[in-house]
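Notes follow the structure.
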Amino acid sequence: MLFSSPEFLFLFLPATFLGFALVSATVSLRAGTFFLSAASLFFYGYWDASLLPLIVLSILVNFGLGKALFSNHSKAILVVGLCFNLGLLGYFKYAGFFVENVEKVLGVEIADLNIVLPLAISFFTFQQVAYLVDVYKRRAIEPDFLNYCLFVSFFPQLISGPIVHHSEMMPQFRDVARKWFSRELFFVAIAFIAIGLYKKVVLANGIAPMADGVFLTAQAGVPGFWDAWKGALAYTFQIYFDFSGYTDMAVGIALLFGIRLPMNFNSPYKSASIIEFWRRWHMTLSRFIRDYIYIPLGGNRAGNTRRYTNMMLAMLIGGLWHGAGWTFIVWGGLHGLYLIINHSWRHFRPKSARPGLLATWCSRVITFLAVVVAWVFFRADDFGDAIRLLTGMAGLADGGLSVVRMHDLLVLAVMFLIVWFTPNSYEMFRSVRPVLEPKGAPDGDGVLGPAVTPSRPLLHLKYYALTPVLIAIGLVGLLVVIDGGEKSQNFIYMIF
Amino acid sequence: MMAVRLVLIRFMLIVAASTLAIFMSEYSVRLAVPKYDPAGHIAFFVDPATGVLLGKPNSKTRQIKNSGDYDVEVIFNRHGLRDKRDIANGRVEDLYVVGDSFAFGWGVKETERFSSVLEKLTGREVYNIATTANLDGYERLLTYSAEQGAEIRDVVMAINMIDDVRDYDAILKTKKIARQIPQSTPEPSVAISLQAMKQFLLTNSALYFLATSAIGSIDVVRRVLVRLGFVKTLNDVNGGRPRDAEIRTTANRILALSQKYNLTVLLIPSRGLWVGGHEAAAAAAAAHATFSDELHRLGITVIDMRPVMEATGNPMAFHFQHDGHWRPRGHSLAAEVIADKLTPRQRLPE
């Protein structure tokens, strides 16, 4: 049941919202939490009921281990917990990849593992690993089972993130006196859902055939210069709108229940450096990698060599988290390399220099191009495809340039306009703080800057301008969903 | 004063935002569902040199119905005809199919048309030169094909009872008179008919196409729209009950053609025989019988699809659910009947 499927949009979501509202209003918000947990588990089980026991087992074991850690501060319990979680992830996600590589190296056939990857295992495993580590480090407050269950299974973020942290979700679940519904919040929630749906079914799915066609061509030979760039750029935009669309929908759906999710996506292609890119793209994964991999490895505490080694290791693991394949590892490695170069550059750059407009745009374009090159490895089925596409992008194809279609150029130009020049959903609705922003921004107000509460007439004017556009894109999104019926396309991040 | 200004600003904002929203929606649909982009939809034009109705030469388009009945690719060859064969290679022993949208294969794949199926059944090369013309156009299409190099002798002409049987002499006379009288500028019509508006949107707006397609796919909504008269059903049949004068002129036209070619008429019955009111059906049946008899009387070979379709017990099953054209099974049936009826001379290559 995808967020962009008719059964989700017309049955599950309205039914869950109404059920939650009814239970919360007539019984209690705590009962509403119970209802939401049950609905979330149903949502997970709807994909494949046979996988439901896995997530339930994972919740039970981790909750039990957490409880044991609260009462007995034992490293052994933490190690058991880590082994359990990483063991599950290792078995389901990486065993096949490992065996396949060992077979290749040794030239023998070991086993034909045909393991089905359980949906969202990477997401709920990371969330619970973070929880256990924080319990061990005395940085967590003991939750009750119901809240813990919802923390892991909360359906808006279950399938493709954000990777939520217990410290930001538990207080919200615990607060049974919170005002979970307001007209303004409801409007913003619907707006987020409409924007997200539009990004997914119109923009991401609309440009997908352009990318697919070129990557398919690359399996047979080196595509021409323009074709290669067209494919790489199309995928760059596809994954952007796919992930951004999912994230917006997740934020909107969570807001319907009065829950704010952490910010996960903040116009990453506007970044003027790779460091900034990783503060804007999949922000909760970056946070996890920083807090639970990079810093435990030593972070930047033992000199630059160690720092860069740690950085590379963290990014390689980040790549591997996305998928059990060498192309993902190379993608992670490339970003590790980019980060090292970026940090080294900052080391030599004069501290006082404040980049001008031209310098900022040059940096933005260079960062964007670096990201595009890395996406080629991320999308390609194997190295051969990726190298052939990059060869085409370098203009080394036998056929040379390929034919430029005005329609393709126009589509890509519109995509550039959107990702570089339009405000993102959070910026549009910053007055209601739709997401939990990362802490520690220099001004203490998060990455979006201080909350702006415009005077009422101005606020209304903004909504007068926004409402017709939001209604239109929401309707177009819904019409595409109804028309597509069963042919809903998966979200890219679902397979991670 | 301030309040008036604010209202004005709000109004202008809504108008501007709504305009932007409609524009965005239209182009969004063209991106997300390119098959609904009207630019890629099938269109015909009258070749100014020959007066023949043709498709755009060497083009690939889609034929798609917003009711979900069909969505097929249509490829026109260099002559503007929907045929993978090149008419320039047509020889005297080959068979030529001409007709309107039925023979053209409206809504079905090129390989599913009765001409293609007939080719498989008989082993004889069959050229399809149908577009969406009427009887006047068929003659032009045959002449056009001959000019391209085809040697035409055996022709199967599909005559559609709904709109092929007309008083062509009167039409010609009207055209001549119209040419002699200087045209005055017509008064602009204030009332735009719903049908005309729907047709305009259908051929110009991807958003409208998507909206009607999506809404139509919800059965309950569709039924309501039918009841309100916004959507027509197969029960609404215009034509198919020609007057005697129309029958006579059409038959004479066909007779004239049969003197130039070895002609077989495939008579496509109006669905008005089986749907709609009882009176209308009786009128359609009478017209069908009169026309068929007239053709026989003139000595023209006729393959009448009516008895064959009725013999199956459910003649409407050969039509699409929401479109009056034949489904692939209608084409298959027609091909089988034609193959059976062709004389040995027509069946075997000489």
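Bear in mind these aren't lab numbers, they're just calculated from the coordinates by the rules spelled out. None of these values were measured; they are calculated from a predicted model. Neighbour counts run over all protein chains shown; Cβ positions are idealised from the backbone, glycine included.
In this structure the amide hydrogen of B:Tyr127, modeled in the peptide plane, comes within under 5 Å of the amide hydrogens of B:Leu95, B:Tyr96, B:Val97, none closer than 5 places in sequence on its chain.
So what's the angle, to the nearest 10 degrees on a 0 to 90 scale, between helix B:194-204 and the longest Cα principal axis of chain B? Computed tilt is about 90 degrees.
What does the charge add up to near B:Glu294, with Lys and Arg as +1, Asp and Glu as -1, over the other residues with Cβ less than 10 Å from its Cβ?
That sum, taken over residues with Cβ under 10 Å, equals 0.
With bins 5 Å wide beginning at 0, the percent of Cα pairs of region A:1-130 falling in each bin runs 2, 9, 14, 14, 15, 15, 12, 9, 6, 3, 1, 1, 0, 0. Charge tally for A:Asn424 (other residues, Cβ to Cβ under 12 Å; Lys, Arg +1; Asp, Glu -1): +2. Ranked by how many other Cβ atoms sit within 10 Å of their own Cβ, fewest first, the residues A:Val403, A:Val164, B:Val231, B:Val224 fall in the order A:Val403, B:Val224, B:Val231, A:Val164.
Summarising the label geometry, the points placed 7 Å from Cα in the beta-carbon direction at B:Ala146 and A:Phe421 lie 6.0 nm from one another.
Normalised by the number of residues in chain B, the average gap of Cα pairs under 8 Å and 6 or more apart makes the relative contact order 19 percent.
For chain A, relative contact order (Cα pairs under 8 Å, six or more residues apart, normalised by length) works out to 20 percent.
Counting Lys and Arg as +1 and Asp and Glu as -1, each charge on the Cβ, what is the dipole of chain B about the Cα centre in debye, to the nearest 20? Working shown, then result.
Details: 42 positive and 38 negative charges, 179 e Å.
With Lys and Arg at +1 and Asp and Glu at -1, about 860 debye.
A straight line joining the Cα centroids of region A:107-184 and region A:281-358 runs 24 Å. Sorted largest first, the principal axis extents computed over the alpha-carbon atoms of chain B equal 89, 50, 46 Å. Computed from phi, the 3J(HN,Hα) profile of region A:86-101 under the Karplus parametrisation 6.51, -1.76, 1.60 (θ = phi - 60°) reads 5, x, 4, 4, x, 5, 6, 9, 10, 4, x, 5, 4, 4, 4, 6 Hz, with x in place of Gly and Pro.
Can you give the direction-averaged projected area of the convex hull of the alpha-carbon atoms in chain A, in nm²? It would help to have the intermediate numbers written out before the result.
On the way: hull surface 105.6 nm².
The Cα convex hull of chain A, projected and averaged over all directions, gives 26.4 nm².
Straight-distance candidates among the aspartates and glutamates for linking to B:Lys84, with alpha-carbon spacing under 12 Å and chain neighbours fewer than 8 residues away dropped: B:Glu110, B:Glu125. Here the relative contact order of region A:312-351, from alpha carbon pairs under 8 Å that lie six or more residues apart, stands at 40 percent. Counting neighbouring beta carbons within 10 Å and listing from fewest to most, the residues A:Ser71, B:Ser270, B:Ser25 come out as A:Ser71, B:Ser25, B:Ser270. The spacing between region B:1-50 and region A:465-483, judged by their C-alpha centroids, is 13 Å.
Phi angles of region A:357-374 translate, via the Karplus equation with coefficients 6.51, -1.76, 1.60 and θ = phi - 60°, into HN-Hα couplings of 4, 5, 5, 4, 5, 4, 4, 4, 5, 4, 4, 4, 5, 4, 5, 4, 4, 5 Hz per residue; Gly and Pro are given as x.
If R0 is taken as 22 Å, the Cβ-Cβ distance between A:Ala394 and A:Val365 corresponds to a FRET efficiency of 0.80. Ranking B:Gly68, B:Ile129, B:Phe200 by Cα position along the charge dipole of chain B, where only Lys, Arg, Asp and Glu carry charges on their C-beta atoms, puts B:Phe200 farthest toward the positive end. A Cα-only calculation for region B:1-101 places Rg and Dmax at 23.3, 86 Å.
Taking only DSSP H segments of four or more residues, each worth -39500 (n - 2.57), what value at 222 nm results for the protein assembly as shown once the sum is divided by all its residues, to the nearest 500 deg cm²/dmol?
Computed mean residue ellipticity for the protein assembly as shown: -18500 deg cm²/dmol.
Note that region B:90-100 has calculated 3J(HN,Hα) couplings of x, 10, 5, 7, 7, 9, 10, 10, 10, x, 9 Hz, one per residue in order, obtained from phi through the Karplus relation 6.51 cos²θ - 1.76 cosθ + 1.60 (θ = phi - 60°); glycine and proline are x.
Ranking A:Val102, A:Gly19, A:Leu119 by Cα position along the charge dipole of region A:1-136, where only Lys, Arg, Asp and Glu carry charges on their C-beta atoms, puts A:Gly19 farthest toward the positive end. For B:Val231, nonlocal amide neighbours, meaning residues 5 or more places apart or on other chains whose placed amide H falls under 5 Å from its own, are B:Val226.
Across peptide B:7-15, what mean number of C-beta atoms from other chains lies inside 10 Å of a residue's C-beta? Please report the intermediate quantities before stating the final value.
On the way: counts 0, 0, 3, 6, 1, 2, 9, 4, 1.
Whole-number average of other-chain Cβ neighbours for B:7-15 is 3.
For the protein assembly as shown, a simple Cβ point-charge model (Lys and Arg +1, Asp and Glu -1, everything else neutral) yields a dipole of about 3080 debye relative to the Cα centre.
Once the other residues with Cβ under 13 Å from the Cβ of A:Leu475 are scored (Lys, Arg +1; Asp, Glu -1), what is the net sum? For residues surrounding A:Leu475, the net value is -2. What is the Rg over Rh value, at two decimals, for the protein assembly as shown, using alpha-carbon atoms and the Kirkwood definition of Rh? For the protein assembly as shown, the value is 1.06. Take the Cα of B:Arg329, step 7 Å toward its Cβ, do the same at B:Glu93, and the gap between the two points is 3.7 nm.
Once you divide the Cα radius of gyration of region B:82-153 by 2.2 N^0.38 Å, the number left is 1.02. With both labels modelled 7 Å from their Cα along Cα-to-Cβ, the B:Lys232 to A:Tyr463 distance reads 4.5 nm.
By count of other Cβ within 10 Å, fewest leading, how are B:Arg166, A:Arg364, B:Arg271 ordered?
Details: B:Arg166 20, A:Arg364 17, B:Arg271 23.
Ranked by crowding around the Cβ, least crowded first: A:Arg364, B:Arg166, B:Arg271.
Residues whose amide H lies under 5 Å from that of B:Ser59, counting only those 5 or more places away or on a different chain, are B:Phe76; hydrogens are built 1.01 Å from N in the peptide plane.
Angle of helix B:244-260 to the longest C-alpha principal axis of chain B, folded into 0 to 90 degrees and rounded to 10: 60°.
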